[in-house]
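Okay, so here's the structure we're looking at.
The values are calculated or read from the model by the stated rules, or taken from the named source; none is laboratory data. Quantities reported herein were computed from a predicted structural model and do not represent experimental measurements. So basically every Cβ, Gly included, is an ideal-geometry build from the backbone, and we count neighbours across all protein chains shown. Calculation scope for accessible area: heavy atoms of the full protein, side chains included, ligands and nucleic acids excluded. Shrake-Rupley method; radii C 1.70, N 1.55, O 1.52, S 1.80 Å.
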Amino acid sequence: MDIELEKYILNHIEPEGDYLYRLYRATNIHTIHGRMASGHLQGRLLKMLVMMQRPRYVLEVGTFSGYSAICMAEGLSEIAPIMGARGDNGGAPKLFTFEINDEMEDFTRPWIEGSSVARFIDFRIGDALVEAPRLGVLFDMVFVDGDKRHYVEAYDKLLPTMSKGAIMLADNTLWDGHVVDNAYSKDQQTQGVCHFNDYVRQDSRVEVIILPIRDGLTIIRKK
């Protein structure tokens with residue numbers, strides 16, 4: 001996206017907020033792959049999608065620095081009073097977020113616990129593909145942002161844990177444009193993303209659309 005156009009967009013959407021701004025900055029200063037954090041535009045989209053979907057349980061695969069988790073939890077904080085007013089059972093909505101890299105915990109946990117929406121977030125170190133199905137809940141929304149080589153595996157394992165009408169969001173599904181660049185045809189991450197895109201497109205159990213936002217965001221709705 002053109003830089004000036006991106007600036008225009010960011011100036012015409014909900015502000016990022018000071019806490020998220022500081023987290024994004026700290027992520028880029030103190031981690032090797034800071035650009036992996038969702039950032040202002042995608043973060044606001046995640047919050048809005050949560051508010052539109054009104055999930056009871058959300059699953060995130062790949063917490064990283066906690067930016068996206070906090071954005072989605074902001075959405076949960078907005079819908080919590082509405083869901084209570086409807087008389088839904090099961091208490092407050094909750095986001096379960098899993099990070100497989102335990103070296104991120106010392107950075108991420110203080111940011112999550114220091115946020116105003118910490119009560120909506122259950123942050124765990126571990127493999128979401130193993131641990132999430134053991135929670136015994138049906139997820140109404142899933143955000144997958146882990147190892148691209150295992151996206152199909154994640155999809156197959158998590159789709160049965162999703163309720164009817166639930167949505168799965170898969171990040172980085174255009175992979176810097178590498179999905180249409182033959183120079184990257186032998187790259188394993190690129191192969192994983194391409195395989196995932198083809199696989200989901202042919203699955204009659206879901207409806208799918210790819211948004212060309214940042215690095216590509218696929219929205220998958222379970223029929």
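General observations
- Scanning region 156-170 for residues that are touching a residue at least 60 places away in the same chain (Cβ under 8 Å) and under 25 Å from Asp102 (Cβ atoms) gives Leu158, Thr161, Leu169.
- Restricting Glu105, Glu131 to residues that are among the charged types (D, E, K, R), open to solvent by less than 60 Å² (accessible area, probe 1.4 Å) and part of a helix (DSSP H, G or I) narrows the list to Glu105.
- Any hit, region 64-80, residues being open to solvent by less than 80 Å² (accessible area, probe 1.4 Å) and out of contact with any helix residue (DSSP H, G or I) (no Cβ under 8 Å at 6 or more places or on another chain): no
- Consider region 15-52 and keep the residues that are open to solvent by 80 Å² or more (accessible area, probe 1.4 Å) and not in a helix (DSSP H, G or I). The one that is nearest to Gly146 (Cα to Cα) is His33.
- Inspection of region 57-75 identifies at least one residue that is touching a strand residue (DSSP E or B) at 6+ places or on another chain (Cβ under 7 Å) and more than 22 Å from Met104 (Cβ to Cβ).
- Test result for Val152, touching a residue at least 40 places away in the same chain (Cβ under 8 Å), assigned to a loop (DSSP other than H, G, I, E, B) and either open to solvent by 70 Å² or more (accessible area, probe 1.4 Å) or more than 28 Å from Glu6 (Cα to Cα) (or both): no
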